[in-house]
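Visitor: Pasting a structure below so you can have a look.
Bear in mind these aren't lab numbers, they're just calculated from the coordinates by the rules spelled out. Predicted model, so just to flag it, every value in this text is computed and none were measured. Cβ sites come from the backbone with ideal geometry, for glycine too, and all protein chains shown count toward neighbours.
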Amino acid sequence: MSERRKREREARRGEILDAARDVLLAQGLRGTTTKEIAERCELSEATLFFYFRNKDEILLSLIFESIGFWAQGLEALAAKALTPPEVLEAIWQFHEEVYREHPDYYVISAYLAQPQVLENVSVEVKEEIARRSGENFRRLRELLGRVDASTPGAILADLVWSLFLGLTIAEASRTNLGYGRRGEQLQARNQVFDVVRRAFGFAPVKRAARPARRASAHADARRPPRAAA
């Protein structure tokens, strides 16, 4: 295969994975089908199968992509000279960055807890997922080991990951139930993080206040006059 054909093939695979991300976020794992993914990127399902054998292979590609993204980010943080409070802040903000740019990675992480997700995956591939995920946990553990000498990094890694993943699941649940929108829970996550910081004796992060919403002219017209004091 020529270099040009290889580039074209990789570009098409990337388009399919982008479509799969959109469908996964909109429909969930069970609602995600190769037919809908193909329609999303304007391909026939037969053409999609030229690039991926089935839905499982698409999901596995997203899983490995997610693991690689986490590895790069954690390695970049490890190379920085940060104080303990800065390490904790940087890791939490990296979680926010991943959630903002790749929310599908958290969806995939949550689905990995369900046995049926990997039921058609070979033992070798499962072992590779476990190995690479374990390497990322080691990176996170070593980073958080800088935060507090009296608390094992593994405990802190479980705490931070579980907190953030749980908060994203809660946000998705509220959105699905119709009393919240994706992205509205940033303030709640910041408050949770401040609790974590205080537990280690670190001062809460000072964040810029959100600008006050300006009332529209129509709203002013509807507002009743204030009574005189």
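Visitor: Restricting to the stretch 120-148, give me the number of residues that are over 30 Å from GLN185 (Cβ atoms) and out of contact with any helix residue (DSSP H, G or I) (no Cβ under 9 Å at 6 or more places or on another chain).
Guide: 6
Visitor: Still on this structure, please answer the following. Name the helices (runs of 4 or more DSSP H) wholly within the stretch 12-120 that hold at least 1 residues that are aromatic (Phe, Trp, Tyr) and under 22 Å from the mean Cα position of the chain (by Cα)?
Guide: The qualifying helices (runs of 4 or more DSSP H) are 55-78, 84-101, 103-111.
Visitor: Which residue pairs have Cβ atoms under 8 Å apart, sit 6 or more places apart or on different chains, and have a first residue in the stretch 43-55 that is more than 19 Å from LEU29 (Cα to Cα) and a second that is among the basic types (Lys, Arg)?
Guide: Every condition considered, the pairs that remain are TYR51/ARG9; TYR51/ARG12; TYR51/ARG13.
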